[in-house]
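Working notes, structure below.
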Amino acid sequence: MFKKKISLLSLALVLLLTVVLSACGSKEGGSKPSEPAKEEAAVQSDGTIDASKLDPVKLKMYMIGPNQKDLPMVQEEINKYLTEKINATIEISMIDWGDYSQRMQVITSSGENYDIAFTSSWAFDYLPNAAKGAFKPLNELLDQYGKGIKEVLDPRFLEGTKVNGVNYGIPANKELAQQFVWRFNKKYLDKYNLDISKVTTLEDLEPLLKTIKENEPAEITPLAVPKGFKPYMPFDYPLGDEIPIGMYLDTEDFKFVNLLDSPELKSALTTMRKYYKAGYVREDIATLDGIDNIKTGKWLVDREITQPYAELGWSRNAGYDIVTRPMHDPVIYTSSAAGSMMAISSYSKNPERAMMFLNLLNTDVKLRNMIQYGLEGTHYKKLEEPYIEDMPAMQENYAMPGFALGNMFLTYLHEGEPKDKWEAFEKFNTSAVVAPTFGFNFDTAPVKTEVAAITNVAKEFIPALYTGSVDPDEYLPKAKQKFQDAGIDKVIAEAQKQFDEWKAQNK
């Protein structure tokens with residue numbers, strides 16, 4: 001009898017608990033299953049959104065760059081437009097260049113409920129943050145709410161930024177390829193009748209640098225580069241060019257090598273040492289974080305990554321003519337595909353609406369230009385289509401980082417830029433060579449200790465070696481030993497293992 005009462009009591013408790021849990025689940029999660037259903041119902045057959053079918057939501061986005069005084073004013077107009085389009089508003093928070101990566105790591109680690117953030121191969125690093133779950137997987141969201149993105153974006157952007165087959169970010173539609181150029185101050189080319197038509201390599205610069213050194217005052221820097229300078233070499237780098245591990249772009253065996261053992265690096269280091277001793281670079285180059293040569297105009301040549309018609313923009317910003325010579329053909333790397341991206345936070349409570357916003361940012365001309373250029377009549381004035389003229393308020397109060405804000409091909413042009421600018425970008429991307437590791441993302445987790453150790457060695461040796469500040473005959477053997485002691489061979493072996501597996505799956 002006692003056992004029977006206990007059994008009946010247990011059964012009653014189980015039933016009660018089931019009812020309570022069911023009620024809690026209904027109460028807590030009731031709105032969540034219905035929200036995606038509402039989002040799906042709002043998508044029209046042509047892919048547009050019927051905002052009247054959506055509940056209002058507020059999105060929060062973090063963007064790289066200094067805070068802009070007129071952002072609240074522009075944001076107000078953006079939100080009027082977004083409410084009409086997707087029944088959403090957005091709060092944009094700017095974090096300055098040097099602070100962005102660290103601040104976003106803190107924000108993400110805290111579990112803050114934000115929706116969208118800028119990420120890339122160089123800031124708030126895309127790959128490791130995607131791998132550790134900071135970003136939401138986007139494949140299904142793209143299919144449902146980002147169809148416009150898939151229609152306008154070169155498919156290689158999305159293919160090259162997948163992590164184990166999954167997209168965690170939306171790349172900006174801009175130059176997909178990367179091409180280094182020698183950039184020249186035309187004033188000195190003209191003054192000394194210097195011919196750059198056959199200048200390609202580092203060695204080709206020598207007679208030009210010599211002319212400037214012998215004929216101009218000491219404050220004119222012949223080769224104006226800071227400590228981050230890297231001689232161009234024909235490699236694809238799985239960990240970026242700070243770490244001397246790479247695969248030859250014309251590889252036939254698809255093997256990663258230690259660049260410190262390559263004849264290309266030894267030749268470049270010898271040349272840079274010669275230039276350093278000759279005074280063609282700044283004496284403090286190994287500790288020089290940046291150089292203001294564009295502002296001062298006291299330089300002959302530097303190195304930069306180009307894009308179609310970049311010379312026009314550089315010349316306009318500098319206030320004098322700048323011309324270039326390419327070092328190599330355009331190349332599409334994994335890192336260049338991830339050069340500018342937007343990710344949806346894994347903590348976002350409104351990922352569907354966030355994707356709708358990103359879709360607009362990549363397909364809607366009005367929104368895309370408003371977020372970059374501000375308000376017509378306040379920050380810019382319209383000229384004959386598709387041109388605009390910046391007003392003083394743009395530079396003073398609303399200088400946004402345009403490359404970071406989505407589809408560049410939708411943006412207005414400035415007077416002097418050719419009408420075929422964006423068509424030229426598409427041709428630039430189409431003509432590029434695809435790097436042998438394009439689409440391969442190296443997961444450093446199995447060798448994270450060694451990667452940290454070789455990164456520290458790189459900080460110690462690379463700036464001094466690559467800028468010619470030390471004798472490579474003495475310091476290159478020391479660097480090799482330090483990298484080996486730190487585990488570079490183990491990192492190369494792990495990268496090779498992962499690459500071979502990836503290549504076998506992607507034949």
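The values are calculated or read from the model by the stated rules, or taken from the named source; none is laboratory data. As the structure is a computational prediction, the values presented were derived from the model and not from experiment. Glycine gets a Cβ as well: all are built from the backbone with ideal geometry, and neighbour counts include every protein chain shown. Surface accessibility is based on the protein's heavy atoms, side chains included, excluding ligands, DNA and RNA. Shrake-Rupley method; radii C 1.70, N 1.55, O 1.52, S 1.80 Å.
Some notes on this structure:
- Taken over the range 419-463, residues that are of a type in the set (A, V, I, L, M), outside any helix (DSSP H, G or I) and modelled with pLDDT under 95 amount to 3.
- Which numbered condition E474 fails, given (1) under 26 Å from K227 (Cβ atoms); (2) of a type outside the set (S, T, N, Q); (3) touching a residue at least 24 places away in the same chain (Cβ under 8 Å); (4) open to solvent by 70 Å² or more (accessible area, probe 1.4 Å): (3)
- Residue satisfying all of: in the range 41-58; at pLDDT 95 or above and touching a helix residue (DSSP H, G or I) at 6+ places or on another chain (Cβ under 6 Å); nearest to Y347 (Cα to Cα) among these: V57
- Taken across the range 122-143, residues that are in a strand (DSSP E or B) and more than 15 Å from the chain's Cα centre (by Cα) do occur, with at least one present.
- D292 falls short on exactly one of the conditions (1) closer than 28 Å to I322 by Cα; (2) touching a residue at least 12 places away in the same chain (Cβ under 8 Å); (3) surrounded by fewer than 20 Cβ atoms within 10 Å (Cβ to Cβ), and that condition is (2).
- Within the range 320-343, the only residue that satisfies the criterion of being closer than 21 Å to Y412 by Cα and assigned to a loop (DSSP other than H, G, I, E, B) is S340.
- F442 meets all of the listed conditions (1) among the hydrophobic types (A, V, I, L, M, F, W, C); (2) in contact (Cβ under 8 Å) with a residue 60 or more places away in the chain; (3) open to solvent by less than 40 Å² (accessible area, probe 1.4 Å); (4) touching a Lys or Arg at 6+ places or on another chain (Cβ under 8 Å) but one, namely (4).
- Close Cβ contacts (under 9 Å, 6 or more residues apart or on different chains) running from residues in the range 110-132 that are open to solvent by less than 10 Å² (accessible area, probe 1.4 Å) to residues that are part of a loop (DSSP other than H, G, I, E, B) and of a type in the set (D, E, K, R) comprise D115/K349; T119/D125.
Matching residues to (1) polar (S, T, N, Q); (2) open to solvent by 60 Å² or more (accessible area, probe 1.4 Å); (3) closer than 18 Å to Q484 by Cβ; (4) in contact with a helix residue (DSSP H, G or I) (Cβ under 6 Å, 6 or more places away or on another chain):
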position: L249; (1), (2), (3), (4): no, no, no, no
position: F256; (1), (2), (3), (4): no, no, yes, yes
position: L265; (1), (2), (3), (4): no, no, yes, yes
position: A268; (1), (2), (3), (4): no, no, no, no
position: T271; (1), (2), (3), (4): yes, no, no, yes
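- Answer from I170, I149, I220 - the residue that is open to solvent by less than 30 Å² (accessible area, probe 1.4 Å), farther than 30 Å from M63 by Cβ and not charged (D, E, K, R): I220
- Check on L265, assigned to a helix (DSSP H, G or I), touching a residue at least 12 places away in the same chain (Cβ under 8 Å) and either over 25 Å from the mean Cα position of the chain (by Cα) or over 17 Å from K478 (Cα atoms) (or both): yes
- Condition broken by G246, with the remaining ones in (1) in a loop (DSSP other than H, G, I, E, B); (2) touching a strand residue (DSSP E or B) at 6+ places or on another chain (Cβ under 9 Å) satisfied: (1)
- Identity of the residue in the range 276-289, part of a loop (DSSP other than H, G, I, E, B) and open to solvent by less than 50 Å² (accessible area, probe 1.4 Å), that ends up nearest to L189 (Cα to Cα): Y280
- Applying the criterion of being without any contact (Cβ under 8 Å) to a residue 60 or more places away in the chain and under 30 Å from V166 (Cβ atoms) to the residues of the range 445-471, the residue that is least open to solvent (accessible area, probe 1.4 Å) is V447.
- The range 332-382, subset within 30 Å of E242 (Cβ to Cβ) and not hydroxyl-bearing (S, T, Y), residue nearest to the chain's Cα centre (by Cα): G339
- In the range 344-397, residue nearest to L59 (Cα to Cα) [restricted to those that are in a loop (DSSP other than H, G, I, E, B), of a type in the set (A, V, I, L, M, F, W, C) and open to solvent by 40 Å² or more (accessible area, probe 1.4 Å)]: M391
- The set of residues in the range 295-324 being open to solvent by less than 60 Å² (accessible area, probe 1.4 Å), touching a helix residue (DSSP H, G or I) at 6+ places or on another chain (Cβ under 9 Å) and of a type in the set (D, E, K, R) consists of D302 alone.
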